[in-house]
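As C-alpha cells, the structure follows; a few thoughts come after it.
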Amino acid sequence: MLVATAGFLVALAGTGLLVHYLTQRRVFDEPNERSSHSVPTPRGGGIAVLGAIAVAWLIGLTQSAGDTAADLVILAAAAALGFVCFIDDLRGLRALPRLLAQCGAVAPGLWLSAGRGGLFADLLPLALDLAATGFLWLWFINLFNFMDGIDGITGVEIAMIGVGLTGLAATGMVPLTLLDPAIALTAAALGFLVWNWCPARIFMGDVGSIPVGYLIGWLLISAAQGSPGQNGGMRVEAGEGLAICLILPAYYLADATITLVRRLVKRENVFQAHRQHFYQQAIIRGLGHATVCRAIILANAGLIATAWFLGPQHPGPALALSAMIVLVLLLWMAGWLAAPAKPSEAR
C-alpha cells in the first residue's frame with residue numbers, strides 16, 4: 001500500500017506541477033501534419049512518471065530481501081537515460097547520440113543478467129543469448145517511444161503491464177522481487193493518466209516513454225528468467241517465463257513491429273514521423289482517443305488473464321490465444337471488423 005500510494009501521489013502531484021511549469025516555459029508539442037492533436041500541449045510529463053516510479057521502487061527496496069544493488073544500478077541507468085531524453089525533448093538530438101545512450105543503459109543490465117542468462121538462456125550460448133536479449137531490449141525501448149502517439153495510450157499500457165506483473169509476482173509465478181516495481185509502475189501510470197486521459201493536458205515525451213520502456217524491459221527480462229519454487233525447483237521455467245514476457249506487451253510489440261516491417265518493405269524512412277500505426281489508423285477513421293484506449297484496455301485484460309491462467313502451464317496455447325486477441329484488436333483498429341467511420345480531425 002505504501003508503494004502504491006507513493007507512486008500514485010508523486011505522479012499525480014508532480015504531473016500537475018509540470019503542466020503549470022512547462023506551460024509557462026512554453027515547452028510544447030506543436031501540432032503538425034502527422035500529429036493526432038491540434039492544440040499545443042506541454043511535453044515532458046514523463047519526468048513525474050519516472051520520478052514516481054523511482055520513489056515508489058526505492059520505498060519497496062527498503063523492505064525487500066532482493067538484490068538491492070542491481071535495482072539501484074537499473075534505476076540509475078534509467079535516470080541517466082531520462083536526462084538525455086529530456087535534452088532531446090528540449091533541443092532535439094540526432095539518432096546516434098540517442099542510440100548510444102540507450103546502449104549505455106542496456107549494457108549494465110546485460111552485465112547483471114550474465115550470471116543467470118537473458119531471454120534465451122535455455123536455447124543459446126551465453127554470448128548469443130545476451131546479444132539477442134540486448135537487441136530486443138533496445139527495440140522494446142524504441143517501440144515504447146514510437147507508440148506514444150495519442151492521449152492515454154502509453155499510460156494505459158504501463159498500467160496494464162504493471163497489473164499483469166503484479167499478479168504474477170504476488171502468486172510466485174515470477175520472482176517476488178518484481179512485486180514492488182510492478183506496483184510502482186501501475187500506480188505511477190494511474191497518477192499520470194489523471195492528466196493525460198483524453199483530452200490530455202500534458203504529454204509524456206521521450207523523457208518518460210524511453211526510460212520507462214527501459215525499466216519495463218528489465219522487469220520483463222527478469223520475469224522471463226523464471227521463479228524459484230519452494231523446494232528449490234522452478235515455479236515457472238525460463239521457457240514459460242519467455243512466453244509471459246511476450247504476452248503482457250503483445251499489443252505494443254505487434255503494432256510497432258508490423259508497422260516497422262511494412263515501412264521497411266515500402267523503403268520509407270523509418271526515422272521519420274508518420275501516422276501508420278494501427279492505433280493511428282483508428283483515429284484517422286474517426287474513433288476518439290478514449291475509445292481506442294478503452295479497446296486497448298479490454299485487449300490487455302485478455303492478455304493478462306492469458307498470462308495468469310494459461311501462460312505458466314501451457315505457453316504454446318497461451319501465445320496462440322494472445323496472438324488471436326491482438327489480431328482482433330488490430331483488425332478492429334484498421335476498420336476490418338467495424339463499420340466505416342467518418343474521418344476525424346486531430347484532437
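The values are calculated or read from the model by the stated rules, or taken from the named source; none is laboratory data. What you see is a predicted model, and the numbers here were worked out from it, not measured in a lab. Don't worry about glycine lacking a Cβ; one is built from the backbone with ideal geometry, like all the others, and counts go over all protein chains shown. Side chains included, ligands, DNA and RNA excluded: accessible areas come from the protein's heavy atoms. Shrake-Rupley method; radii C 1.70, N 1.55, O 1.52, S 1.80 Å.
If you take the square roots of the eigenvalues of the alpha-carbon gyration tensor of region 93-220 and sort them as a ≥ b ≥ c, do you get rounded (a/c under 1.5), prolate (a/b over b/c) or oblate? Oblate, since a/c reaches 1.5 and b/c is not below a/b. Charged side chains reduced to their Cβ positions (Lys and Arg at +1, Asp and Glu at -1) give region 146-303 a dipole of some 520 debye around its Cα centre. Taken along its principal axes, the alpha carbon cloud of region 1-115 reaches lengths of 48, 37, 22 Å, longest axis first.
Kindly identify region 243-347 as rounded, prolate or oblate by the Cα gyration tensor criterion: order the square roots of the eigenvalues as a ≥ b ≥ c, call it rounded if a/c is under 1.5, otherwise compare a/b with b/c, prolate if a/b is larger, else oblate. Oblate is the answer for region 243-347, as a/c is 1.5 or above yet b/c matches or exceeds a/b. Loop-located trypsin sites (Lys or Arg not before Pro) in region 252-288 (DSSP state not H, G, I, E or B) with no more than 16 neighbouring Cβ atoms inside 10 Å: 266, 267, 275. In the chain, a dipole from Cβ-located charges (positive for Lys and Arg, negative for Asp and Glu) runs towards its positive end, and of 109, 292, 222 it is 292 whose Cα lies farthest in that direction. The Kirkwood radius of the chain, taken over pairs of alpha-carbon atoms, gives through the Stokes-Einstein law at 25 °C and 0.890 mPa s a diffusion coefficient of 121 µm² s⁻¹.
Basic side chains Lys and Arg get +1 at the Cβ, acidic Asp and Glu get -1 at the Cβ, and with that the dipole of the chain about its Cα centre reaches some 860 debye. Rounded to the nearest 0.05, the FRET efficiency derived from the C-beta distance between residue 24 and residue 290 at R0 = 22 Å is 0.20. Give the residue from 62, 28, 203 lying farthest towards the positive end of the charge dipole for the chain; charges sit on Cβ (+1 for Lys and Arg, -1 for Asp and Glu) and the dipole is referred to the Cα centre. Result: 28.
In terms of packing, defined here as the mean over residues of other Cβ atoms within 10 angstrom, the peptides 186-197, 250-261 line up highest first as 186-197, 250-261.
Compared with the direct C-alpha span, the chain from residue 111 to residue 328 gains 74.3 nm at full extension, assuming 0.36 nm per residue. Modelled spin-label separation between residue 68 and residue 135, with each label point placed 7 Å from Cα along the Cα-to-Cβ direction: 3.8 nm.
The Cα center of region 234-310 and the Cα center of region 167-198 differ in position by 19 Å. With the helix formula -39500 (n - 2.57) applied to DSSP H stretches of n ≥ 4, the chain reaches a computed 222 nm mean residue ellipticity of -22500 deg cm²/dmol.
With all protein chains in place and a 1.4 Å probe, the accessible surface of the chain carries 68 percent carbon and sulfur. For region 51-101, taking Cα atoms only, Rg and Dmax work out to 13.9, 41 Å respectively.
Against the criterion of solvent-accessible heavy-atom surface with a 1.4 angstrom probe, 289, 274, 314 sort, most first, into 314, 274, 289.
A 1.4 Å probe run over the protein chains yields, for the chain, 44 Å² of accessible area per residue, whole-number rounding.
The distance separating the Cα centre of region 60-105 from that of region 143-160 comes to 18 Å. Dipole orientation for the chain: of the candidates 92, 182, 308, 92 has the Cα lying most toward the positive pole (charges on Cβ; Lys, Arg +1; Asp, Glu -1).
Would you work out if region 155-204 is rounded, prolate or oblate? Take a ≥ b ≥ c from the square roots of the eigenvalues of the alpha-carbon gyration tensor; rounded if a/c is under 1.5, else prolate when a/b is larger than b/c, oblate otherwise. Prolate is the answer for region 155-204, as a/c is 1.5 or above and a/b outweighs b/c. For region 273-325, the percent of C-alpha pairs falling in each 10 Å distance bin, counted from 0 to the bin holding the largest distance, reads 24, 36, 27, 13, 0. Of the peptides 166-179, 46-59, the order by per-residue mean of other Cβ atoms within 10 Å, starting with the highest, comes out as 46-59, 166-179.
Other residues lying with their Cβ under 11 Å from the Cβ of residue 141 contribute a combined charge of 0, Lys and Arg counting +1, Asp and Glu -1.
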